[in-house]
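Working notes for the structure below.
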Amino acid sequence: MLWNEDILCVECRSLMKPIRQSFYLEDLLVESLHVYEGLCRDLLIQYKELCDEALYPVFLFSHISYLRKKYDGYVLVGMPSSEKASRKRGFSHVEQMFQVLGMPMITLFEKEEMEEQKHATKEQRYQVRSHIHLQKQVKLPDAPILLVDDVCTTGNTLLAAAYLIQNHAYPVRALVYSCHASYVEKRRCKLIEFIDRQRYTQHK
């Protein structure tokens, strides 16, 4: 089902200005739509941690047409939560968030119980790679795969999933609703370095 009417007021929507950018996690190309800060972060916390399921249409509403066109032909694969987290929440927050796109979506992965990432150290977050597995007797689609998640902080979850399907015969990319501000800064620094090199070459 596609949403035709925004459930956010105009003022709130104006505070959620998109910052679309792409970056690489090793060999995985990732696109992010927002920075994990301000109202975007607050709404995600309310949705994900406080289990406010009614918020799910809010996040991707202004991106629907753009994403459906850009990723036409892709099959969405949501990043998994542990069984404990899913039971506590009562719904799959990633699947709910991305279902508004009206694109094919399947489940490929499962996640073992581990320390909640929001309280985990950097080393513990890295260990998430060993806690994600392909579901038994799973069949990969005969189509490109778009790994989707609500937020990218360290990127370990996406990298773990991409590694498990690294031999897929079709392209594998990733899309996240938001990313940590550090990714924006890294990209900005690289852009400034590129511009400076161009200016130096021109005036040499």
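The values are calculated or read from the model by the stated rules, or taken from the named source; none is laboratory data. Owing to the predicted nature of the structure, the values given are computational and were not obtained by experimental measurement. Note: ideal-geometry Cβ built from the backbone for every residue, glycine included; neighbour counts use all protein chains shown. With ligands, DNA and RNA removed, areas are computed over all heavy atoms of the protein, side chains included. Shrake-Rupley method; radii C 1.70, N 1.55, O 1.52, S 1.80 Å.
Assess whether ASP42 counts as being part of a loop (DSSP other than H, G, I, E, B), open to solvent by 50 Å² or more (accessible area, probe 1.4 Å) and of a type in the set (D, E, K, R).
It is false that ASP42 is part of a loop (DSSP other than H, G, I, E, B), open to solvent by 50 Å² or more (accessible area, probe 1.4 Å) and of a type in the set (D, E, K, R).
Take PHE59 and decide whether it is assigned to a loop (DSSP other than H, G, I, E, B) and within 21 Å of GLN135 (Cβ to Cβ).
Taking the combined requirement at face value, the residue does not satisfy it.
Looking at the stretch 156-176, I want the residues that are polar (S, T, N, Q) and have a partner that is open to solvent by less than 40 Å² (accessible area, probe 1.4 Å) and not in a helix (DSSP H, G or I) with Cβ atoms under 6 Å, at least 6 apart or on another chain. Which pairs are those?
That search, which allows pairs on different chains as well, returns THR157/MET79.
Go through the stretch 1-25 and count every residue that is part of a loop (DSSP other than H, G, I, E, B) and under 16 Å from the mean Cα position of the chain (by Cα).
Residues that pass the stated criteria total 3.
For the stretch 62-87, what are the residues that are under 21 Å from HIS133 (Cβ atoms) and either in contact (Cβ under 8 Å) with a residue 24 or more places away in the chain or open to solvent by less than 70 Å² (accessible area, probe 1.4 Å) (or both)?
VAL75, LEU76, VAL77, GLY78, MET79, PRO80, SER81, SER82, GLU83, LYS84, ALA85, SER86
Please indicate, with yes or no, whether at least one residue in the stretch 64-72 is modelled with pLDDT of 95 or more and part of a loop (DSSP other than H, G, I, E, B).
yes
Could you grab me the full set of residues in the stretch 28-39 that are touching a residue at least 24 places away in the same chain (Cβ under 8 Å) and not in a strand (DSSP E or B)?
Scanning the stretch 28-39 gives TYR36, GLU37, LEU39.
For the stretch 8-32, give me each residue that is under 15 Å from THR153 (Cα atoms), open to solvent by 80 Å² or more (accessible area, probe 1.4 Å) and not hydroxyl-bearing (Ser, Thr, Tyr).
Selection gives GLU26 alone.
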